[in-house]
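Everything on this sheet refers to the single structure shown next.
Laboratory data are not the source of any read-out in this text; all were calculated from the coordinates shown. All figures in this text were calculated on a predicted structure; none of them were measured in a lab.
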Amino acid sequence: IYYGDEVGVVGCDDPDDRRTFPWGQGAEELVTYYATLAQIRSAYPALRTGSVETIATGNSNVMGYVRAEGDEIVVVLANNATSNKQIVVDVAKYGITAEQLQDMLGATVYDVVDGKVTVTVPALKGVILVEEAKTINVDVEALAPAFDEEAAKRPVAPTPSTPSTPSTPSTPSVPSTP
């Protein structure tokens, strides 16, 4: 994810890759989608620090990989085609023994049959398959300045802070001579 992707900013080489952020002009659906991805990444350690193994999907439009950290295994598939793609993944090969996998980007639960799962990967989107679904909360109101022009104009309330006492610089100690 590069600066501005979450609101649909496109760019090119300098200076187009670092334009100002278009506060209040993003698409709510896109902003929320990226926030959901961030929350899922935060909820699953395997997505942050786990090993990475690519999946041969058999489809040039779908890329896939498995991230694993301890007992947590996550399957990620992304589809850059303009139509849905059906992919069969041998999840047993990656250590998944569950009978079902939950897509964290949708409500779909996929059955694992003989160690394989058949997944419909939505057009221009993806799936993140996990054995145990965790609750993901996206605070859309907090995201509003990115897609709502009125929210972008409202001043941000300062966060309360505790006044700090200025510290006195310490005096370096002088070693004593024997």
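Could you work out the pair-distance distribution P(r) of segment 4-121 from its alpha-carbon pairs, with 5 angstrom bin width and percents rounded to whole numbers?
Whole-percent P(r) values from 0 Å outward: 2, 10, 16, 19, 19, 14, 10, 6, 4, 1, 0.
Relative contact order for segment 1-129 using alpha-carbon pairs under 8 Å, separation at least 6, rounded to a whole percent?
18
Between segment 5-65 and segment 85-106, how many Å separate their Cα centres?
Centre-to-centre distance over Cα atoms comes out at 21 Å.
So if each residue of separation counts as 0.36 nm, and I subtract the Cα-Cα distance between residue 20 and residue 63, what length gain in nm does that give?
Contour length minus the Cα-Cα distance gives 12.3 nm.
Using a cut-off of 20 Å between alpha-carbon atoms, which lysines can reach residue 116, once sequence neighbours fewer than 8 places away in the same chain are excluded?
85, 93
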